[in-house]
Amino acid sequence: MLESCKDAKERWGGVHSMIDRWLNERQELLVLYCAIRGLKPYSPRETPVSVKVAAFCQVLMDYCSAGHFEIYEQLIREAKEFNDGGIELAKHHYPRLEQITETCVEFNDSYDTAESCIEKLTELPKDLSTLGELLEERFELEDELIEALHNVHKEMIA
């Protein structure tokens with residue numbers, strides 16, 4: 001998953017500064033995800049799991065919010081301006097992206113405080129695994145949107 005994030009950043013990083021920031025946030029999200037996946041529940045020398053999970057939840061919500069309230073709107077606006085088929089792809093992907101966002105919000109609501117994280121610590125590995133699969137799907141859908149718009153618009157601008 002981290003490798004696909006790196007590939008997407010290399011392919012589309014220069015498209016737009018907003019997308020650059022978003023892809024950097026995606027990378028931060030994945031680094032935090034990988035860090036908490038490998039944690040032991042209690043390790044006296046390390047930052048408590050609940051603190052790391054709370055940091056992950058914050059970046060997760062920032063990433064999802066940027067996607068829905070900035071990036072997707074920009075991609076749809078570009079698709080409408082160029083009227084080259086990108087809007088159909090966006091209409092196809094957007095409902096699934098919304099479903100995945102709802103799951104991300106539910107995860108956040110379950111783990112965003114130290115108390116709730118500690119209460120659900122035994123469920124964390126399973127919930128992270130499920131969330132990881134959904135994030136991977138989300139990244140693929142987002143990359144398809146960026147790729148379709150980038151390829152078409154790159155040729156029109158050149």
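Being within 25 Å of GLN27 (Cα to Cα), assigned to a helix (DSSP H, G or I) and touching a Gly at 6+ places or on another chain (Cβ under 8 Å) is a property that LEU89 lacks. Here is the figure for the range 23-52: residues that are at pLDDT 90 or above and not in a helix (DSSP H, G or I) total 0.
Considering each residue of the range 53-70 in turn, none proves to be surrounded by 15 or more Cβ atoms within 10 Å (Cβ to Cβ), at pLDDT below 85 and either out of contact with any Leu (no Cβ under 6 Å at 6 or more places or on another chain) or under 16 Å from GLU142 (Cβ atoms) (or both). Scanning the range 114-158 for residues that are surrounded by 12 or more Cβ atoms within 10 Å (Cβ to Cβ), modelled with pLDDT under 90 and either hydrophobic (A, V, I, L, M, F, W, C) or under 15 Å from LEU60 (Cα atoms) (or both) yields ALA114, CYS117, ILE118, LEU121, LEU145, ILE146, ALA148, LEU149, VAL152. Against the conditions (1) in a loop (DSSP other than H, G, I, E, B); (2) without any contact (Cβ under 8 Å) to a residue 24 or more places away in the chain, ASP84 satisfies every one except (2).
The values are calculated or read from the model by the stated rules, or taken from the named source; none is laboratory data. Note that this is a predicted model, so its numbers are computed, not measured. Because the Cβ atoms are built from the backbone with ideal geometry, glycine has one as well, and the counts that use them run over all protein chains shown.
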